[in-house]
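Please read the structure below before turning to the comments.
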Amino acid sequence: MAVSARPSPMTSEEMVALTRRHTLFEWSAQGAVDPLPVAGAKGSYFWTPDGRKYLDFNSQLMCVNIGHGDARVVRAIQRQAETLAYASPHMATEPRARLGEKLARITPGDIDVFFFTNGGAEANENAIKLARLFTGRHKILARYRSYHGATAGSISLTGDPRRWPSEPGMPGVVHLLDPYHGISRGWDDVQASLAMIDEVIQLEGPDTIAGFILEPVPGTNGVLVPPDGYLQGIRELCTRYGILMIADEVMSGFGRTGKWFAVDHWDVVPDLLSMAKGLTSAYVPLGAVGMRRHIADHFHDRVFAGGLTYNSHPLACAAALATLDVYEQDDLIGRARAMGEILAVRLRHLMDTHRSVGAVRSLGLFGIVELVRNRDTREPLAPFNGTSPEMAALGREFRSRGLYTFVRWNTFFTNPPLSISEAELDEGLSIVDESLTVVDRMLA
């Protein structure tokens with residue numbers, strides 16, 4: 001039998017043409033997509049088939065936390081594939097056993113039991129299911145400035161406009177206002193915000209509410225670092241009314257904020273904690289819901305009605321174990337804190353230097369810049385759920401100068417791999433500085 005020759009590598013043009021012809025891009029009108037062709041990646045960079053190099057200033061989708069192409073994780077995946085590529089989720093495997101034990105050591109408080117999923121959206125789906133089965137209640141509180149995934153249940157939890165096309169969604173979701181009301185209005189007083197949540201709980205009926213899901217630091221809705229006392233106040237309200245506090249740490253977990261999990265900054269232990277992204281640094285898809293021991297014990301004699309074909313997939317569990325080892329061996333959590341201090345100083349310098357910068361926020365290597373049309377009126381440089389010529393120009397400037405990051409509405413993000421060097425961070429922020437100068441000129 002003739003052996004098929006390995007196809008020659010595609011050019012950038014071939015890759016883009018075939019991808020656009022035969023696949024559907026997410027969150028896009030297909031005629032408007034302009035994808036970057038990617039042939040390889042290493043460390044903080046990726047490159048196109050024709051060799052154009054980009055600094056990955058967003059860790060792709062805030063997920064490649066340890067950097068691209070780490071040989072330790074690649075070897076772990078290879079070894080597991082050679083040994084056991086798949087086993088039914090009804091079976092026990094060594095990587096599954098070791099990963100559960102490992103996560104129990106790093107997650108907050110007495111969270112020490114885990115249900116593994118394929119990603120963050122499924123983690124939140126199963127968090128909802130766990131909360132409802134455990135409490136016997138139906139309603140779920142969620143915030144408007146949030147994103148919890150695009151599956152049927154998690155998109156209903158989502159507060160931002162990505163929810164709208166999927167409505168009517170899952171019944172029982174009650175959305176709340178956040179303590180942050182946009183750059184023109186700013187932040188609420190913590191006690192006023194907590195009083196509003198308490199009032200909603202009373203109006204909905206405390207005995208009808210199973211859980212309150214929230215991103216401790218919302219990601220794509222603004223890297224909204226909560227004021228001290230806010231998360232502690234939500235924890236107290238949930239405890240008072242028997243509502244499960246569900247922390248969606250899909251984006252903020254695994255060192256992104258300079259702690260293993262964002263809730264660790266405020267010493268808050270949620271009842272359920274959903275995770276993905278940085279769990280494997282996106283080398284292999286994997287998510288999980290962590291739960292406190294008393295919640296897991298509830299299902300000792302009761303059926304947990306949930307399952308997935310790829311639950312606890314051996315390749316993914318092996319990748320997660322290797323990734324967690326990299327975090328520890330390279331002290332990436334501490335590195336995120338140290339580099340985050342440098343990032344915060346440089347972001348404040350951008351605000352001092354550029355008339356278009358209205359606000360900057362960061363925690364660890366989780367950062368965002370909000371742009372305004374006018375510093376006095378604080379009018380955003382793009383409308384809510386929209387863009388503008390200036391923001392489009394900024395995105396083009398980033399791309400033409402070899403910087404990849406996420407540009408959304410009137411914001412852009414600074415979320416590089418936790419392994420980024422100070423020189424690479426400086427390179428990225430210098431490109432940002434140059435690109436903002438172009439925006440400033442457009443506003444003159």
Apart from one, (1) touching a residue at least 60 places away in the same chain (Cβ under 8 Å); (2) assigned by TED's automatic domain parsing to the domain that holds residue 259; (3) charged (D, E, K, R) all hold for residue 56; the odd one out is (2)
Could we say that residue 378 is touching a Gly at 6+ places or on another chain (Cβ under 8 Å) and not small (Gly, Ala, Ser) here?
yes
Would you mind stating whether residue 387 is modelled with pLDDT of 95 or more, over 28 Å from residue 43 (Cβ atoms), of a type in the set (Val, Ile, Thr) and within 23 Å of the chain's Cα centre (by Cα)?
yes
Taking the stretch 29-64, which residues are under 20 Å from residue 413 (Cα atoms), part of a loop (DSSP other than H, G, I, E, B) and of a type in the set (Gly, Ala, Ser)?
44
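From the list 300, 294, pick out the single residue that is part of a helix (DSSP H, G or I) and either out of contact with any helix residue (DSSP H, G or I) (no Cβ under 8 Å at 6 or more places or on another chain) or not assigned by TED's automatic domain parsing to the domain that holds residue 324 (or both).
Only one candidate qualifies: 294.
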Considering only residues that are buried (at least 20 other Cβ atoms within 10 Å of the Cβ) and not small (Gly, Ala, Ser), which ones fall in the stretch 198-223?
201, 209, 212, 213, 214, 215, 216, 217, 218, 220, 221, 223
Residue identified as surrounded by fewer than 16 Cβ atoms within 10 Å (Cβ to Cβ) and among the polar types (S, T, N, Q) among 323, 309
309
Limited to the stretch 407-444, what total is found for residues that are surrounded by fewer than 20 Cβ atoms within 10 Å (Cβ to Cβ) and closer than 19 Å to residue 277 by Cβ?
1
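Yes/no per residue for (1) in a strand (DSSP E or B); (2) hydrophobic (A, V, I, L, M, F, W, C); (3) surrounded by 22 or more Cβ atoms within 10 Å (Cβ to Cβ):
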residue	(1), (2), (3)
99	no, yes, yes
115	yes, yes, yes
121	no, yes, yes
129	no, no, no
154	no, no, yes
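Looking at this structure, is residue 103 among the aliphatic types (A, V, I, L, M), over 20 Å from residue 285 (Cβ atoms) and in contact (Cβ under 8 Å) with a residue 12 or more places away in the chain? Full working, then the answer.
Values: among the aliphatic types (A, V, I, L, M): yes; over 20 Å from residue 285 (Cβ atoms): no; in contact (Cβ under 8 Å) with a residue 12 or more places away in the chain: yes.
No.
So that you can scan it fast, the table gives a plain yes or no per residue for (1) in contact with a helix residue (DSSP H, G or I) (Cβ under 9 Å, 6 or more places away or on another chain); (2) farther than 19 Å from residue 326 by Cβ:
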{"site": "70", "(1), (2)": "yes, no"}
{"site": "84", "(1), (2)": "yes, yes"}
{"site": "93", "(1), (2)": "yes, yes"}
{"site": "102", "(1), (2)": "yes, no"}
{"site": "111", "(1), (2)": "yes, yes"}
{"site": "130", "(1), (2)": "yes, yes"}
{"site": "140", "(1), (2)": "yes, yes"}
{"site": "159", "(1), (2)": "no, yes"}
{"site": "171", "(1), (2)": "yes, yes"}
Among strands (runs of 3 or more DSSP E) entirely inside the stretch 352-444, those with 1 or more residues being without any contact (Cβ under 8 Å) to a residue 24 or more places away in the chain and either among the β-branched types (Val, Ile, Thr) or not assigned by TED's automatic domain parsing to the domain that holds residue 52 (or both) are 357-363
Failed condition for residue 336, given (1) in contact with a strand residue (DSSP E or B) (Cβ under 7 Å, 6 or more places away or on another chain); (2) assigned to a helix (DSSP H, G or I), with all others met?
(1)
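The values are calculated or read from the model by the stated rules, or taken from the named source; none is laboratory data. Only a predicted model underlies this, so the values are computations on that prediction, with no experimental measurement involved. For neighbour counting, all protein chains shown are included, and Cβ atoms are generated from backbone atoms with ideal geometry for every residue, glycine included.
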